[in-house]
Amino acid sequence: MPFSSGNPAVDRYLAEGYETVRGMSSRFAATICGHIIWRQTELGIKGHIGEIGTFEGRFFIAMGLGLAEGEHALGIDTFNWPNEGLLDLFHSHCARHGLVRERYTAIKANVRDLSADDIHKAVGGPIRFWHLDGDHSREQLLLDLALAESTLHPQGMICLDDMLHPGYPLLVVAVHEWLERHPHWRVLCVIDREDIVAAAKFLLCHKDVVPLFEQDLMNTFKAQHWVLGSEWERYFCVVLTPYPRIAEVD
């Protein structure tokens, strides 16, 4: 890809290892999120990184390699699909791509059984970047959002996977409901899909955090910026897409 996250370790993994780990998040989205994590570090936003729905670790490794000194990555999954060997496979992928065991924790559990205290005990502080890719139901996404918000750094970011996916049409309804109940939150960016498998993601944050990232995203990924933006009734947010264009009508 003709652009990068800004973090050499993350970019090397994205170029050489990302596609060797099974998963469905796009390399495009991982690059954007890697850049968000890099910019958080540049801004002095310190905290940990968490993921619900880790699977083999494709996206998790990209996030974990973006950690700053003293930060920790947390992966939560039942680790039992397609079989009970998944956790060992996850650990092997992390080791192969340079994410050492001292920098991350894997919790084998149903996220419904975990509390905010469990998250704090696992990492020792707030999460600055959450990636939610768990059970793709409306009810569970609302529960995951509640857990993520309760453990998030005040300037942190929540990334939602498989938004606008034709296979999971009610996920975006859950997001809308949640945003209506949390008016101080905004969608910072819509990261467009690559194909039916690698679907779109939403980046969410407090509205006062938006200026820290909005212009930077538009500048850094100028060639991927769809300038019309995404309308959320009271505001527009950034749209980044691999091939930005507007339909030509003769």
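What to note about this one:
- Each residue, T20 and V227, gets one label point 7 Å from its Cα in the Cβ direction; the gap between the two is 4.1 nm.
- Shape of the stretch 1-64, Cα gyration tensor, a/c cut at 1.5: oblate
- Close amide-amide hydrogen proximity is noted between I127 and H48, L152, H153, each under 5 Å apart and 5 or more residues distant or on a separate chain (H modeled in the peptide plane; Pro and chain starts excluded).
- Principal-axis tilt of helix 171-181 within the chain, Cα atoms, nearest 10 degrees: 80 degrees
- Entries of K121/K201; K46/K207; K108/K201 with Cα pairs more than 23 Å apart: K121/K201; K108/K201
- Within the stretch 118-137, backbone nitrogen closer than 16 Å to the virtual label 7 Å beyond the Cα of V173 toward Cβ: 136-137
- Of all DSSP beta bridges confined to the stretch 102-249, the antiparallel ones make up roughly 60%.
- Separation of alpha-carbon centers, the stretch 107-176 and the stretch 187-203, rounded to whole Å: 16 Å
- Beta bridges assigned by DSSP with both partners in the chain are antiparallel in approximately 35 percent of cases.
- Computed from Cα positions, the angle between helix 210-220 and the longest principal axis of the chain comes to roughly 80 degrees.
- Label-point gap, in nm, between D250 and N83 - each point 7 angstrom along Cα→Cβ: 5.6 nm
- The chain: calculated mean residue ellipticity at 222 nm from DSSP helix runs of at least 4, using -39500 (n - 2.57): -10500 deg cm²/dmol
- Ranked from largest to smallest solvent-accessible area, with a 1.4 Å probe on the protein heavy atoms, Y104, Y168, Y243 come out as Y243, Y168, Y104.
- Three-way shape call for the stretch 24-110 based on the alpha-carbon gyration tensor, with the a/c threshold at 1.5: prolate
The values are calculated or read from the model by the stated rules, or taken from the named source; none is laboratory data. Keep in mind it's a predicted model, so treat the numbers as computed, not measured. Quick reminder, even Gly has a Cβ in these numbers, built from the backbone with ideal geometry, and neighbours come from all protein chains shown. Side chains included, ligands, DNA and RNA excluded: accessible areas come from the protein's heavy atoms. Shrake-Rupley method; radii C 1.70, N 1.55, O 1.52, S 1.80 Å.
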